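Participant: Can you keep this structure in mind? I'll have questions shortly.
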Amino acid sequence: MVRQSARTAAQPKTTAEAAVKVEKKVVATKADKVEVKKRAVTKRKVDYNEDEDDKEENIEPNVKDEDEESPSKSKPAPKKRKTTASAKKADDSMPLAARTPLNTLKLAMKIGAHVSAAGGVQNSITNASNIGANAFALFLKPHRTWNYQPFSPDSPSIFSSLLKANSYTPEIILPHASYLINLAQPDKTKSAQAYTSFLDDLQRCESLGITLYNFHPGSTGGLPISEACARIAAHLNAAHKATKSVITVLENMCGSGNIIGSNFSDLATIISLVDDKSRVGVCLDTCHAFAAGYDLRHPEAYAKTMTEFDEIVGLKYLKAFHLNDSKAPFSSHRDLHENIGQGFLGLRAFHNVVNDERLQNIPMVLETPIEVKGPDGKKTEDKKIWAGEIKLLESLIGMDPESKEFKDLEVELQKKGAAERKRVQEQVDKKAEKDTKKAAPKGKRGTAAAKKKKKVEEEEACDSCGEQSD
Ligand SMILES: [Zn+2]
Ligand SMILES: [Zn+2]
């Protein structure tokens, strides 16, 4: 209603122009003000997540072996974080860009970001709307601890009324599982803990009317991959029986150590063991795919990767996308998200994705870094970056990649990311050199030394995720 005029008013004249300008632009419309008011009303409903560490939201660490999880990590977060969360909430309430009406785009690409749900799940809706997102992801509960509280009884009704008020449908929401959940965990107690949290998330989805739920397949813990996939599938089958409709969406990973899901065949194996195929799907993360050796950069490479996906997994299972550029080079098996167009994937890869008409209407979620250093050296989150990237990606729909407009944009963004690409390339080269020198002698595989080396590699991969917030 009122919102419609706000959206129309914010329509870019020319696509690339809008993409560049939007970062600086603050759209404070009448409708947005109404939204802020609505938010103020619901703000006091604190379900959970006061301790949510938003700084790490755009990081995609691989699932660690849970043995690495120290008991101290399960402690509730210190109370002082409440102040931080409240401060962030104030920042989040700023409308930064209006949503682009889908009928004004040549293809119905629903693009958004993984937004904060600090202060209560319902806040994710306003946070998504404030950055002009037509899709969004969120954590349903604190994602780095096993300690969690149930939703407050009125959460579902507040959530669905806010969703309606913002003209969002539940299908565009893609909640992300806690990073601790490893459904492949062989240890019985830990496996039960992971399953309980997983099922709790699915029940949360259903209570909110959410239809998709994204999770990392997990880690083999050094045991055979076939057994690990069977353990995941068994949990999925049980969880599907215990719930009604939510689709469990496996995410592809970047291929380090014991992490499951870097090959399309891992995903296919898990799906083949799921009884109710209508309850399972896949979310493709562009950064993970690229780091795992699936190229997306050129139209031919993109087509080849998607054909491979279709042949091995099946396009009908493709339920969502994570849109991230990569700070690390092709097939480096490192999970380092970069801003769109600034990494080794480059703008052309994203042009390929958003112009693929088969991907219409599925949620496409940015998990790109938004931390910036202020003049005082302190890091803060700048959500204008996501608002700008959403408009940038939308501007690529139907844009001629041979046009000056595209080429200029490509050059400009590559220039922005040049130093970071160089830094990570050097790291990757150094590690490759080290690995060649230290190559384990044959016959050592399966020994304690080899296992330890594998675990170290995995930890390195996980640690590397933290770099993007530097
Ligand atoms: Zn993920
Ligand atoms: Zn992802």
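Every number here is computed from the coordinates shown, using simple stated rules; none is lab data. Not measured: the values here are computed from a predicted model. Every residue, glycine as well, gets a Cβ built from its backbone with ideal geometry; the counts of neighbours run over all protein chains shown.
Participant: Hey, quick one: spin label on Leu107, modelled 7 Å out along Cα-Cβ, who in segment 374-401 has an amide N within reach, i.e. under 13 Å?
Facilitator: Within reach of a label on Leu107: 393-401.
Participant: Could you tell me which of the pairs Lys327/Lys404; Lys373/Lys416; Lys373/Lys407 are separated by over 27 angstrom between their Cα atoms in the structure shown?
Facilitator: Lys373/Lys407
Participant: What is the set of long-range amide H partners of Leu318 at a cut-off below 5 Å, with H atoms built 1.01 Å from backbone N?
Facilitator: Distant-sequence amide H within range of Leu318: Val282.
Participant: Can you compute the modelled spin-label distance between Ser161 and Lys431, with each label point 7 Å from Cα toward Cβ, in nm?
Facilitator: About 4.9 nm separates the two model spin labels.
Participant: Here's a follow-up. Once the Cβ-Cβ distance between Lys277 and Asp376 is put in as r, and R0 is 51 Å, what FRET efficiency do you end up with, to the nearest 0.05?
Facilitator: 0.45
Participant: By DSSP, what percent of the beta bridges with both residues in segment 318-414 are antiparallel, rounded to the nearest 5?
Facilitator: 60
Participant: Moving on. If I stretch the segment between Lys404 and Ile225 completely, what's the gain in nm (0.36 nm per residue apart, minus their alpha carbon distance), one decimal?
Facilitator: 59.7 nm
Participant: Additional query: In whole Hz, what ³J(HN,Hα) sequence does segment 339-353 give by Karplus (6.51, -1.76, 1.60; θ = phi - 60°), x for Gly and Pro?
Facilitator: 5, 4, x, 9, x, 6, 6, x, 4, 4, 4, 6, 4, 4, 5
Participant: Show the residues, 5+ positions off or on another chain, whose built amide H is closer than 5 Å to the amide H of Ile260.
Facilitator: Amide H neighbours of Ile260: Gly218, Ser219, Thr220.
Participant: Turning to a different aspect of this structure: Listed highest first by mean packing, meaning other Cβ atoms within 10 Å per residue, what order do 116-126, 401-411, 292-302, 202-212 come in?
Facilitator: Result, highest mean first: 116-126, 202-212, 292-302, 401-411.
Participant: Output the pairs from Lys304/Lys391; Lys277/Lys384; Lys304/Lys384; Lys244/Lys316; Lys164/Lys316; Lys241/Lys316 with a Cα-Cα distance over 32 Å in this structure; if there are none, say none.
Facilitator: Lys277/Lys384; Lys304/Lys384
Participant: Per residue of segment 215-230, what does 6.51 cos²θ - 1.76 cosθ + 1.60 with θ = phi - 60° give for ³J(HN,Hα)? Whole Hz please, x for Gly and Pro, Karplus curve as stated.
Facilitator: 9, 7, x, x, 10, 6, x, x, 8, x, 4, 4, 5, 4, 5, 5
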